[in-house]
Amino acid sequence: KIRRTRPKAAALWLAAISALWLALLVLSPDALWVAFPLYFLQLHLLPTRWGVPAVVVTAAAAITSFVVHRQEIAPGAFIGPLLGAAVAIATVLGYDALFRESERRRELIVELVATRAELAEAERTAGTLAERERLAREIHDTLAQGLSSIQLLLRAAERTLPEDAPAAAHVRAAREAAQANLAEARSFVRALTPPDLEHGSLAAALERLCARTTGPDLTVRFAVSGTPVELPTPYEVALLRTAQSALANTVRHAGAGRAEITLSFMDTSVALDVVDDGRGFDPSGAPVAERGDGGFGLPAMRSRAATLGGTLSVESAPGQGTALAVTLPVAAPAEERAA
């Protein structure tokens, strides 16, 4: 403890002990037996780069004192101090190695506990977001579509009825109720939209995704091609989730230095391209289900695109990077349909 908190005081104290021991050596050769505990003090209080030379010097002093006092050279005078020095050095260095290994294991355990907590939180968040998306799709594809059809049918019925027909008022009230409930259903869909889409457009969400995606020596860029148009919420959710999954795979598996995301708006479709210069893989040998990445593997992305009438294509080869493209059909503008 004194070595870590007050190294100068430790060095001075050791110097005083060593000086006292040298004085004892001058007086009597029997003081060489004190060298053994002195070895441990030197190795404990001094850094290794100074402790080992200090032990060697102490052993040499002990041997010299014995030879000077006894006026004879005996094997035990050399073997005893040198063997004691070797045992002390081996013991202290072995203890230090065990201590460092124990510290590394303790830090690893702390990291594992923290990582497990983060993974549990991430899984809970992913489950919540997945359920919100499912509810949004269900409301959009069932209730909202049904209410929209009811509203259109009631509007058509209202136009065919005479102005003074007794049922006209009831049909108008039913249409207005369907319209109000359709607005409520759409507000539910917006409320269940992923948080990244709540604060701007899909392009802005993708740009933020690229900015916060990090990896070893990885640079992610984003670009928009064509004239942006408003997309249905399920389209935006599908494209955003596909981009998140593709970038996650790039960071974890590709070892890429550069990745690019391009959102392209065309006349009858919208496309999302994710390209990286990583190690690539064989698409034909990809696993059928990638459960380790939270369920957003290639099969999940392909299923999500197919649900919206789109396609997913993957081009890759070992050592040649990966290019992933999702294409979703977009209805033509109203004026083109009218023409």
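At-a-glance table
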{"quantity": "Number of the condition not met by ARG134 [criteria: (1) open to solvent by less than 90 Å² (accessible area, probe 1.4 Å); (2) without any contact (Cβ under 8 Å) to a residue 24 or more places away in the chain; (3) within 30 Å of LEU308 (Cα to Cα)]", "calculated": "(1)"}
{"quantity": "First in region 309-320 and more than 19 Å from LEU239 (Cβ to Cβ), second anywhere and charged (D, E, K, R) and exposed (fewer than 14 other Cβ atoms within 10 Å of the Cβ), Cβ under 8 Å, 6 or more apart", "calculated": "SER316/ASP282; ALA317/ASP282; PRO318/ASP282"}
{"quantity": "So ALA256, is it within 22 Å of LEU209 (Cβ to Cβ), modelled with pLDDT of 75 or more and open to solvent by less than 70 Å² (accessible area, probe 1.4 Å)", "calculated": "yes"}
{"quantity": "Lone unmet requirement of (1) open to solvent by less than 60 Å² (accessible area, probe 1.4 Å); (2) at pLDDT below 75; (3) not hydroxyl-bearing (Ser, Thr, Tyr) for LEU38", "calculated": "(2)"}
{"quantity": "Some residue of region 314-326 being modelled with pLDDT of 90 or more, open to solvent by 30 Å² or more (accessible area, probe 1.4 Å) and closer than 19 Å to LEU202 by Cα", "calculated": "no"}
{"quantity": "Residue in region 112-128 that is touching a helix residue (DSSP H, G or I) at 6+ places or on another chain (Cβ under 8 Å) and open to solvent by less than 80 Å² (accessible area, probe 1.4 Å) present", "calculated": "no"}
{"quantity": "Search result, residues across region 47-61 that are crowded, with 19+ Cβ neighbours inside 10 Å and in contact (Cβ under 8 Å) with a residue 40 or more places away in the chain", "calculated": "GLY51, THR58"}
{"quantity": "Matching residues, region 268-285, being modelled with pLDDT under 85 and open to solvent by less than 30 Å² (accessible area, probe 1.4 Å)", "calculated": "GLY278, GLY280"}
{"quantity": "Test: residue in region 183-203 that is in contact with a Leu (Cβ under 6 Å, 6 or more places away or on another chain), among the β-branched types (Val, Ile, Thr) and modelled with pLDDT under 80", "calculated": "no"}
{"quantity": "Single residue of ARG104, ARG100, ARG116 found to be over 30 Å from PRO53 (Cα atoms), assigned to a helix (DSSP H, G or I) and within 39 Å of the chain's Cα centre (by Cα)", "calculated": "ARG116"}
{"quantity": "Conditions (1) in a helix (DSSP H, G or I); (2) at pLDDT below 80: number failed by ILE150", "calculated": "(2)"}
{"quantity": "Residues of region 206-253 satisfying the condition of being crowded, with 21+ Cβ neighbours inside 10 Å and of a type in the set (A, V, I, L, M, F, W, C)", "calculated": "LEU206, VAL220, VAL237, ALA238, LEU239, ALA243, ALA246, LEU247"}
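Matching residues to (1) open to solvent by less than 100 Å² (accessible area, probe 1.4 Å); (2) touching a residue at least 12 places away in the same chain (Cβ under 8 Å):
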{"position": "LEU82", "(1), (2)": "yes, yes"}
{"position": "VAL87", "(1), (2)": "yes, no"}
{"position": "ASP96", "(1), (2)": "yes, yes"}
{"position": "PHE99", "(1), (2)": "no, no"}
{"position": "SER102", "(1), (2)": "yes, no"}
{"position": "LEU108", "(1), (2)": "yes, no"}
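The values are calculated or read from the model by the stated rules, or taken from the named source; none is laboratory data. Note that the coordinates shown come from a computational prediction; the quantities given were computed from them, not determined experimentally. So basically every Cβ, Gly included, is an ideal-geometry build from the backbone, and we count neighbours across all protein chains shown. The protein model used for the area step is the full one, side chains on, heavy atoms only, and it has no ligands, DNA or RNA in it. Shrake-Rupley method; radii C 1.70, N 1.55, O 1.52, S 1.80 Å.
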